[in-house]
Amino acid sequence: MSPFKSATAEPGRGPIVIVGAGLAGLFAALKLAPLPVTVIAAAPLGEGASSIWAQGGVAAAVGDGDTAAAHAADTIAAGAGIVDAAIAMTIASEGRARILDLSDYGVPFDRGDAGAYVLSREAAHNANRVVRVSGDRAGFAIMQALIARVRATPSIEVKAGCAAVGLALDEGRVAGVRVVKVRDGVSTIETLPAGAVVLATGGVGSLYGVTTNPPTARGEAIAFAARAGAVIADAEFVQFHPTALDVGMDPAPLATEALRGEGATLVNRHGHRFMLDVDARAELAPRDIVARGVAAQIKSGAGAFLDCRTKPGAHFPETFPTVDAFCRQAGLDPVRDLLPVAPAAHYHMGGVANDVNGRTSIAGLWAAGEVASTGLHGANRLASNSLLEAVVIGARVAADIQARWVPGAVAAPADAVPFVWDGEARAAGLATVRGAMTEHVGVIRDAAGLKTALGAIDRVARAAGGDVVLANMALTARLIASSALARRESRGGHWRSDFPKADPSQAVRSFVQVTAQGEIERLSVVAPTRRNPKPILVRTAV
């Protein structure tokens with residue numbers, strides 16, 4: 001039972017604006033049709049969205065003998081004690097319906113001769129339940145189908161080239177989105193009025209120096225939602241994918257979990273299959289365990305390599321064409337060569353706190369996808385649950401807004417104001433943040449390193465001046481690092497070498513808010529009692 005309290009569901013009068021054009025945003029826009037929707041996208045459709053890079057597929061209980069209850073149970077087990085069980089069951093139960101929606105939108109999921117979905121098994125799943133496309137092209141295929149449908153839907157307007165940097169409030173509720181526009185080389189900030197705003201901007205991976213995420217995944221919406229007063233949940237929990245290709249590319253190409261599901265193994269440079277020493281599940285242990293195993297081998301100097309030569313073997317190029325292309329670009333043949341791998345920032349379990357309908361703590365603001373935190377993932381996301389959550393919550397956001405939305409006059413955008421920023425200073429500041437996050441807020445953390453990271457991040461924030469984009473990135477990094485410092489235990493994707501064991505008293509989600517003075521306040525969970533049967537939140541300084 002979550003202590004998080006969502007705001008009223010009543011939208012204001014005026015347009016519906018979705019910030020972000022990944023899977024969650026586009027799916028919500030399609031579900032909102034025929035209501036008029038404006039989608040704000042920093043890049044052209046199909047560019048800059050993490051969803052398009054997803055390889056494994058969508059986890060859903062659609063196979064014979066599989067059940068939503070079994071899927072939810074695997075989700076809860078992977079989440080290391082802090083998954084919201086009710087959320088997990090709801091999302092798992094709606095998976096089949098959303099897979100059918102995606103099929104209706106034209107997604108060509110892999111099917112067998114009898115028409116049944118071809119299902120893969122990924123780490124910590126106890127059944128084959130990952131619905132895929134061409135082996136490792138699920139994200140690309142899904143996004144291409146949705147983009148085509150969005151372009152054919154007259155109720156959806158896409159404003160590409162608009163970068164959201166803040167929210168406008170009116171008497172405590174969201175009334176618009178502040179965006180940066182560039183015309184003829186001149187940057188301005190203007191406010192787009194809105195009666196309902198949906199955040200669907202993706203994750204935080206590019207706040208780290210080694211990541212599988214696109215450069216646009218910098219967590220800025222978490223920061224500007226926090227500045228508006230939104231509760232932020234579970235910020236300390238970052239999932240590091242254990243098998244990013246370590247070939248000097250930025251972002252680091254992902255070697256999908258499905259490879260290990262098909263029998264690929266992890267070895268060091270001596271040929272030793274080291275995960276057998278770490279966990280009985282070996283390569284199919286939860287991602288946090290595998291990531292730490294890989295990181296330990298690299299730190300020891302033995303290196304870490306994915307061995308695909310026997311399985312998938314000769315079938316690799318046609319079964320996993322995306323990974324194959326990256327390997328060959330790096331001069332590797334996965335049928336004959338060991339593939340060097342390293343952990344990389346991959347997915348953020350934390351984000352803007354929301355409920356099962358996507359409502360946040362601010363009236364008029366919804367959130368869906370990786371920018372949000374429903375409690376589904378807990379401390380460690382179960383593989384391929386991210387795309388599932390995006391479509392389930394995206395659909396629920398749409399239904400929630402549709403049931404209450406009242407059209408209003410479309411006000412003109414507020415007058416644009418100049419936005420002056422220094423490109424070199426921003427690049428230097430972001431490089432500092434990425435270095436600090438990778439070095440000190442990565443796979444293994446400790447108090448000294450986290451304090452060092454916070455010092456570096458604070459210096460960047462102070463130097464940002466009027467560059468709200470850099471300031472937003474720094475604030476999100478600060479939320480992650482400060483939440484990691486406050487959680488003095490190890491759980492899931494959050495591993496403290498100075499507190500290496502899980503503490504049962506800390507088996508609760510974390511919630512924070514940013515004050516008007518810019519300070520971070522921790523909202524501690526008080527357990528239910530006989531007198532107060534529901535958990536509540538109380539404020540304590542971080």
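Scanning the stretch 110-121 for any residue that is under 24 Å from R396 (Cα atoms) and crowded, with 20+ Cβ neighbours inside 10 Å turns up nothing.
The C-beta contact set for the stretch 306-324 (first residue closer than 19 Å to H241 by Cα, second residue of a type in the set (S, T, Y) and open to solvent by less than 80 Å² (accessible area, probe 1.4 Å), distance under 7 angstrom, 6+ apart or interchain) comprises L306/T243; D307/T265; F320/T256; V323/T256. Mind checking whether some residue in the stretch 496-504 is in a helix (DSSP H, G or I) and either under 24 Å from I222 (Cα atoms) or not β-branched (V, I, T) (or both)? Yes, the stretch 496-504 contains at least one residue that is in a helix (DSSP H, G or I) and either under 24 Å from I222 (Cα atoms) or not β-branched (V, I, T) (or both). Only a single item in (1) open to solvent by 40 Å² or more (accessible area, probe 1.4 Å); (2) in contact (Cβ under 8 Å) with a residue 40 or more places away in the chain is not met by L470, and it is number (1). Going residue by residue through the stretch 106-120, is there one that turns out to be hydroxyl-bearing (S, T, Y) and at pLDDT 95 or above? Within the stretch 106-120 (the criterion being hydroxyl-bearing (S, T, Y) and at pLDDT 95 or above), the answer is no, since none of the residues qualifies. Name every residue in the stretch 133-142 that is surrounded by fewer than 24 Cβ atoms within 10 Å (Cβ to Cβ) and either of a type in the set (A, V, I, L, M) or within 19 Å of the chain's Cα centre (by Cα) (or both), in order of residue number. Answer for the stretch 133-142, where residues must be surrounded by fewer than 24 Cβ atoms within 10 Å (Cβ to Cβ) and either of a type in the set (A, V, I, L, M) or within 19 Å of the chain's Cα centre (by Cα) (or both): V133, R137, F140, A141. Among the residues making up the stretch 385-399, those that are open to solvent by less than 10 Å² (accessible area, probe 1.4 Å) and out of contact with any Leu (no Cβ under 8 Å at 6 or more places or on another chain) are L388, V392, I393, V397.
Identification of strands (runs of 3 or more DSSP E) wholly contained in the stretch 191-269 with 2 or more residues that are in contact with a Pro (Cβ under 6 Å, 6 or more places away or on another chain) yields 238-245. Residues that are under 14 Å from E262 (Cβ atoms) and open to solvent by 30 Å² or more (accessible area, probe 1.4 Å) within the stretch 323-348 comprise just one, V335. Residues that are without any contact (Cβ under 8 Å) to a residue 60 or more places away in the chain and over 20 Å from the mean Cα position of the chain (by Cα) number at least 3 in the following helices (runs of 4 or more DSSP H) confined to the stretch 68-126: 68-78, 95-104.
The values are calculated or read from the model by the stated rules, or taken from the named source; none is laboratory data. Computed from a predicted structure; not experimentally measured. Cβ atoms come from the backbone with ideal geometry, glycine included; neighbour counts cover every protein chain shown. All accessible areas refer to the heavy atoms of the entire protein, side chains included, with ligands and DNA or RNA removed. Shrake-Rupley method; radii C 1.70, N 1.55, O 1.52, S 1.80 Å.
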